[in-house]
Amino acid sequence: MAGASVNRVVSPGPLHCLKVILEKEGPRSLFRGLGPNLVGVAPSRAIYFAAYSNCKEKLNDVFDPDSTQVHMISAAMAEHKKLNTK
């Protein structure tokens, strides 16, 4: 393979891709499809944060207030609650 040349294809970076999308499709194209995603995600996130807040409030009386234990257990319980409400 002496003397053989290899042509490498360089893929464009994310900024170049963003520039091309903005030029060809406009800024609104960046947000296309966002509405349905928010409708699907918002209730789940609301349940999670409500459960997290309630657990944290109750666990602050049991453990040192706002300790790592309180945050970790609250997050685990909130995730458990969110998964079981679907």
Residue, farthest from residue 14 (Cα to Cα), within the range 27-86, restricted to residues that are touching a helix residue (DSSP H, G or I) at 6+ places or on another chain (Cβ under 6 Å) and charged (D, E, K, R): 56
Cβ-Cβ under 7 Å pairs, at least 6 apart or on other chains, the range 55-66 side in a helix (DSSP H, G or I), far side open to solvent by less than 50 Å² (accessible area, probe 1.4 Å): 55/74; 55/78; 56/70; 56/74; 59/70; 59/74; 60/70
Cβ-Cβ under 7 Å pairs, at least 6 apart or on other chains, the range 26-49 side free of Cβ contacts under 8 Å to residues at least 40 places away in the same chain, far side surrounded by 10 or more Cβ atoms within 10 Å (Cβ to Cβ) and in a loop (DSSP other than H, G, I, E, B): 47/85
Test for residue 22: is it at pLDDT 90 or above and either closer than 30 Å to residue 83 by Cα or touching a helix residue (DSSP H, G or I) at 6+ places or on another chain (Cβ under 8 Å) (or both): yes
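The values are calculated or read from the model by the stated rules, or taken from the named source; none is laboratory data. As the structure is a computational prediction, the values presented were derived from the model and not from experiment. Reconstructed Cβ throughout: ideal geometry from the backbone, glycine too, with neighbour counts over all protein chains shown. Note: accessible area is taken over every heavy atom of the protein model, side chains too, but ligands, DNA and RNA are not part of it. Shrake-Rupley method; radii C 1.70, N 1.55, O 1.52, S 1.80 Å.
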